[in-house]
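Data block below; observations after.
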Amino acid sequence: MSVVIVARKTRTTLKQEIATLLEGGNAGSLGRILDDKDIILLLKAAIKQEGSTSAFAKRHGLERSQLTNMLNGKRPLSAPLIEAMGLRKVYVPRHANSE
């Protein structure tokens with residue numbers, strides 16, 4: 001019987017991966033300003049890296065059902081999720097020509 005040891009990903013690794021995704025220019029319509037749909041894209045990439053929604057939820061102390069509802073747009077993004085992703089919520093003024 002062989003044993004496979006897999007290195008555990010830490011929150012720092014997740015934060016580094018998100019920073020890499022942001023630097024790639026595929027998320028954040030105004031530089032590093034992200035809207036909810038950008039966060040969902042980053043979340044999907046983080047879940048893929050983790051292997052499953054359940055694994056991601058367990059690692060970060062989140063409820064899988066709530067996470068699934070956030071992914072499906074049935075629930076707003078939670079503060080614990082934003083924190084787990086190494087992000088924080090800020091407010092910017094709305095421009096006259098923005099949505």
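The values are calculated or read from the model by the stated rules, or taken from the named source; none is laboratory data. All figures in this text were calculated on a predicted structure; none of them were measured in a lab. Here the Cβ is made from the backbone with ideal geometry for all residues, glycine too, and neighbour counts use every protein chain on show.
Annotations
- R64 of a type outside the set (S, T, N, Q) and modelled with pLDDT of 85 or more: yes
- The C-beta contact set for the range 56-81 (first residue at positive phi and of a type in the set (A, V, I, L, M), second residue modelled with pLDDT of 95 or more and exposed (fewer than 14 other Cβ atoms within 10 Å of the Cβ), distance under 7 angstrom, 6+ apart or interchain) is empty.
- Given (1) at pLDDT below 90; (2) in contact with a helix residue (DSSP H, G or I) (Cβ under 9 Å, 6 or more places away or on another chain), number of the condition M70 does not satisfy: (1)
- Identity of the residue in the range 46-62, aliphatic (A, V, I, L, M) and under 21 Å from T20 (Cα atoms), that ends up surrounded by the fewest Cβ atoms within 10 Å (Cβ to Cβ): I47
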